[in-house]
Amino acid sequence: MATNIFSLEGKNAWITGASYGIGFNIAKAFHAAGAKIIFNDIKQELVDKGIAAYKAEGIDATGYVCDVTNEEQVKALVEQIHKEVGQIDILVNNAGIIKRIPMHEMKRAEFQQVIDIDLVGPFICSSAVIPEMMERREGKIINICSMMSELGRETVSAYAAAKGGLKMLTRNICSEYGEYNIQCNGIGPGYIATPQTAPLREIQPDGSRHPFDKFICAKTPAGRWLDPSELGGPAVFLASHASDAVNGHILYVDGGILAYIGKQP
Ligand code: NAP
Ligand code: GCO
């Protein structure tokens, strides 16, 4: 019987920050492809909510409280996963925040917090799982990058610096560990309708659409925000043997934003 190269049967996948949003939807797609789901979030109440949300989808996910910026917590979590679930075959560095503040008004601590979560976190989590992947000579790491890995815009200096760095961290993990049959790729989502972008879609006091909402729809060939579920297929591809020859690549799932000059107003 031909093997399904997109199958994740028998694989354990750890998705960071996946109680909801993009991480949750990637986990759902991984489960549908056969993977066991492990996730962490920063607060117990979020983990509890996440476990309930997964259960409602028929997914028996294992959730842990862990701050991806805390090296001790991450190392302890990896040990706990090994004990309670098993090896980690797939890591998705999804946890992330954004702060939208004009750079000249941004405090250093605010800039640092975004860098810590969005760039140092993926470094810490990847460093924690790479040794076992090296031993097994097999592993998949997927970093959730962004349009801001390629483009800048007002008020997102820290986020763009972090996501630009995450693109190069992705390429460097590919370069340093490809010989161990570890593939590290990125997904660069476009504008996705999740809590992180909710402020950009808020209906205005006069009942009109947020200007940024209209702007993004004009910049997206499909003329709409993307749904987080639309990231599932690309993530399964990068987590499966179908992408064993793909390494150091950032797969933009942006509805064509990067290809398009934008609709004339
Ligand atoms: P989200 O709805 O804000 O979810 C982010 C998740 O990460 C939340 O559960 C959050 O927990 C968790 N988290 C934050 N800091 C953490 C930490 N230190 N340790 C562990 N977990 C932490 O964001 P999203 O829209 O799903 O985005 C997920 C990823 O995709 C992020 O990396 C984001 O930058 C990226 N992305 C998003 C878009 C988009 O349009 N939405 C586009 C491109 C890329 P809390 O609830 O406690 O904050
Ligand atoms: C913003 C948005 C974007 C998206 C995403 C785009 O304020 O511009 O939050 O940064 O989150 O990263 O790919």
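None of the figures in this text is laboratory data; all of them are computed from the coordinates on show. Please read these numbers as outputs of a predicted model, since none were measured by experiment. For neighbour counting, all protein chains shown are included, and Cβ atoms are generated from backbone atoms with ideal geometry for every residue, glycine included.
Quick notes on this structure:
- Each Lys and Arg Cβ is given +1 and each Asp and Glu Cβ -1; about its Cα centre, the range 1-151 then shows a dipole of about 220 debye.
- With the biggest extent put first, the Cα atoms of the range 43-134 measure 46, 35, 19 Å across the principal axes.
- Sequence-distant residues sharing a close amide H with Ile250 (under 5 Å, placed H): Gly186
- Computed from label points 7 Å out along Cα-Cβ, the spacing between Ala245 and Asn4 is 2.3 nm.
- Trypsin sites (Lys or Arg not before Pro) lying in DSSP loop within the range 21-56, provided at most 16 other Cβ fall within 10 Å: Lys43
- Charge-dipole axis of the chain as Lys and Arg at +1 and Asp and Glu at -1 on Cβ define it, positive-most pick from His210, Val114, Ser243: His210
- For Glu57 and Gln264, a Förster radius of 45 Å and the Cβ-Cβ distance give a FRET efficiency of 0.60, rounded to the nearest 0.05.
- Restricting the calculation to alpha carbons of the range 205-265 gives Rg and Dmax of 15.5, 52 angstrom.
- The eigenvalues of the Cα gyration tensor, multiplied by 5 and square-rooted, give the chain an equivalent ellipsoid with semi-axes of 29, 20, 19 Å from largest to smallest.
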